[in-house]
């Protein structure tokens, strides 16, 4: 297996069945929460900024000789998008100085996971436009958009839960 294929499949996670995108997202949540817990929020941001261009490179290399530019085994895009979504609740807790938020605030990372999967499957607006490009870049970009939408939805859901439901 070539290095781009290994990275694009996130070391084989993309070959798990069924639903490799969900497996990739779940692995991304576990790894992202671990990075945030062990190294801190800034490390999660740096890791996300590294995985995005790495994902573009690996995806392009993995599908260079293939007509299918978005095979289901490529899940590095899920890692990038999921980490973008996870940054939103992680930032909120980091800003408030809350350590180990993942222990007490599982709705934050669970919400990021669920909203990301929702937007990745539903593909509204720019998510769907990126997906319909049928290019290696489009493979990454639809999940980057889904991650952004999921992060925003997670913050909105938290605001509703803590602002309205907790009164």
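FYI, it's all coordinate maths here, none of it is from the lab. Small disclaimer: the values here were computed from a predicted structure and weren't measured. For neighbour counting, all protein chains shown are included, and Cβ atoms are generated from backbone atoms with ideal geometry for every residue, glycine included.
Of all residues assigned to the range 124-136, at least one qualifies as being in contact with a helix residue (DSSP H, G or I) (Cβ under 6 Å, 6 or more places away or on another chain), surrounded by fewer than 17 Cβ atoms within 10 Å (Cβ to Cβ) and farther than 21 Å from residue 10 by Cβ. Is it the case that residue 36 is over 15 Å from residue 139 (Cβ atoms) and surrounded by fewer than 17 Cβ atoms within 10 Å (Cβ to Cβ)? When the stated conditions are applied, residue 36 does not pass them.
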